[in-house]
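Undergrad: Got a structure here, written out as structure tokens. Questions coming.
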Amino acid sequence: MDAKPTSRPLSTPDTSGTEPVGTGNVRNEPFEQPSITNLASLTDGRRPGEFKSVYSCSAWFQIISELIYLSAVLAGSSILLVALARTQILGIPFLFPDFFGAPSEANTLPVWTAAALAGLCGGAAAALKWLYHSVAKQQWHRDRVVWRIVVPPLSAVLSVFTGLMIISGLIPFFSKTPFSNCAAGAAFGFFVGFFSDNLLASLQKLAFKVFGTISKDD
């Protein structure tokens, strides 16, 4: 009798150490600290020479509109910060000469103005960073337009009231030194504005610890 042929499993090529390429194999990268050895974090998964956009003309119209808005907010807040610095250092009148009142050591309005403008600048910079990141990673979508519009003014408000909570002692973990002059106030405002999402999450946790939570059984 003829011996039955034995079946062998098909060998599969060794793909260890390789990254999927092509627009159909783009991975959703987790939001975490990037690895130095992960080359996929530096690309969007395309093959060399794939230059055609995956977005339609209407999508690019919205992307460019968001880019113009955020760039205008960033430029406007930066110009106002320069004007405020000229007022404080060189004594050149601000856009509204009577806005700050009589200059004195007790007048802290310029410090809070610097914090608000820097928070606006930091929020716009953070939104711009995420705009080009999401476009390049093919993770942009229309619904995030609300987030990109709201972040800069929300960051400005958050910078001012976070500072007020610090100097009032409501948040006792930080020093009151950042509010001694305009330069320090601007640095504080930009830091808060750029990381406003992280700060809001931390403030929410603090509120849960202080005030507790509301459940259906209460």
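Undergrad: Given R₀ = 30 Å, what would the calculated FRET efficiency be for V54 paired with N198, taking r from the Cβ atoms and rounding to 0.05?
TA: Approximately 0.50, to the nearest 0.05.
Undergrad: For I79 and S134, what is the calculated FRET efficiency with R₀ set at 30 Å and r taken between the beta-carbons, to the nearest 0.05?
TA: For I79 and S134, the calculated efficiency is 0.65.
Undergrad: Please give the FRET efficiency for I89 paired with F191, using the beta carbon to beta carbon distance and R0 = 25 Å, rounded to the nearest 0.05.
TA: Efficiency, rounded to the nearest 0.05: 0.70.
Undergrad: Which one, H141, A187, I171, is farthest towards the positive end of the dipole of the range 130-209 when Lys and Arg carry +1 and Asp and Glu -1 on their Cβ?
TA: Looking along the dipole axis, the top candidate is H141.
Undergrad: Tell me, what does the Kirkwood hydrodynamic radius of the range 111-185 come to in angstroms if you use every pair of distinct C-alpha atoms?
TA: By the Kirkwood definition, the hydrodynamic radius is 13.6 Å.
Undergrad: Could you sort 148-157, 58-67, 110-119, 162-171 so that the peptide with the highest average Cβ count within 10 Å comes first and the rest follow in order?
TA: 110-119, 148-157, 162-171, 58-67
Undergrad: Right, another one. Order the peptides 187-193, 77-83 from the highest to the lowest mean number of other Cβ atoms within 10 Å of their residues.
TA: Averaged packing, sorted descending, gives the order 187-193, 77-83.
Undergrad: What length, rounded to one decimal in nm, is gained on full extension from M165 through to D143, with 0.36 nm per residue of separation minus their alpha-carbon distance?
TA: So the chain would gain 4.7 nm between M165 and D143.
Undergrad: How far, in nm, would the chain grow between S71 and T108 when pulled straight, counting 0.36 nm per residue and subtracting the alpha carbon separation?
TA: Gain on extension, S71 to T108, equals 10.4 nm.
Every number in this text was worked out from the coordinates using simple rules, so none of it is lab data. No experiment lies behind these values; they were computed from the predicted model shown. Heads up, the Cβs are rebuilt from the backbone with ideal geometry, glycines too, and the neighbour counts pull from every protein chain shown.
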